[in-house]
Amino acid sequence: MESTKNVTKVPPRYHTVVHFEIPANEPSKIARFYEQLFGWKFTKMEGGNMDYWLISHKDARSPYETLGGLYKAEQGMSQQGILNYFSVKSIDESLKQASSLGATVVMPKQETGRGHFAILTDPNGNTFALFQGRM
C-alpha cells in the first residue's frame with residue numbers, strides 16, 4: 001500500500017523578508033557574482049516591460065521557487081541598492097501604520113498578479129517594500 005501525502009501551503013510569516021530585488025547596470029556580471037558566491041540560479045522572465053530575472057536558491061525545485069529578483073536598472077530609475085520586501089497581513093493597514101510612524105510612500109499599492117506591494121522610505125530615508133500575497 002502506498003502512502004499519500006497531502007501537501008499544504010505554509011502560511012506566510014508576517015513581518016519577515018519574503019523577496020528582495022537587486023538593481024544592476026550589468027545583470028550578467030552581477031548574476032555570475034551571486035552564482036559563484038551563493039550558487040543562486042537566475043531565470044529570465046519573458047514578456048515584461050523590463051529586463052528581469054528570478055533568483056532561486058541552489059536547491060530550488062523550480063525557477064518559480066524564488067528568493068528575489070535581479071533587474072536591469074534603466075535610465076532615470078532610482079538605484080539605491082537591494083530592496084527588501086516584507087510580508088504583511090494587510091497592506092492597507094500597514095501603509096496607514098507606517099505613514100503614521102513617519103514613513104513616506106514612494107510607490108503606492110500596486111498589483112503583481114500574486115498580491116500587492118508598495119514601496120516606502122523609513123524616517124531615516126531607507127527604502128523598503130511591503131507585500132501582501134494572495135492565499
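The values are calculated or read from the model by the stated rules, or taken from the named source; none is laboratory data. Since this is a predicted model, take the numbers as computed values, not measurements. No Cβ is skipped: glycine too gets one built from the backbone with ideal geometry, and neighbour counts run over all protein chains shown. To get the accessible areas, we keep the full protein, side chains included, count just its heavy atoms, and leave off ligands, DNA and RNA. Shrake-Rupley method; radii C 1.70, N 1.55, O 1.52, S 1.80 Å.
Data for the structure
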quantity	calculated
Sole residue being modelled with pLDDT under 85, of a type in the set (Gly, Ala, Ser) and either in contact with an Asp or Glu (Cβ under 7 Å, 6 or more places away or on another chain) or part of a loop (DSSP other than H, G, I, E, B) (or both), chosen from 125, 47, 102	47
Among residues of segment 105-122, those that are part of a loop (DSSP other than H, G, I, E, B), touching a Gly at 6+ places or on another chain (Cβ under 7 Å) and open to solvent by less than 70 Å² (accessible area, probe 1.4 Å), counted	0
One residue from 98, 24 being within 17 Å of the chain's Cα centre (by Cα), hydrophobic (A, V, I, L, M, F, W, C) and surrounded by 15 or more Cβ atoms within 10 Å (Cβ to Cβ)	24
Residues that are open to solvent by 30 Å² or more (accessible area, probe 1.4 Å) and farther than 18 Å from residue 133 by Cα, drawn from segment 58-79	58, 59, 61, 62, 63, 72, 74, 75, 76, 77, 78, 79
Residue check for residue 9: closer than 24 Å to residue 130 by Cβ, at pLDDT 95 or above and surrounded by fewer than 18 Cβ atoms within 10 Å (Cβ to Cβ)	no
Pairs where the first residue, in segment 110-131, is in contact (Cβ under 8 Å) with a residue 60 or more places away in the chain and at positive phi and the second is outside any loop (DSSP other than H, G, I, E, B) and crowded, with 17+ Cβ neighbours inside 10 Å, C-beta under 8 Å, 6+ apart	none
Residue satisfying condition, being open to solvent by 40 Å² or more (accessible area, probe 1.4 Å) and either touching a residue at least 60 places away in the same chain (Cβ under 8 Å) or touching a Gly at 6+ places or on another chain (Cβ under 9 Å) (or both), within set 91, 82, 55	82
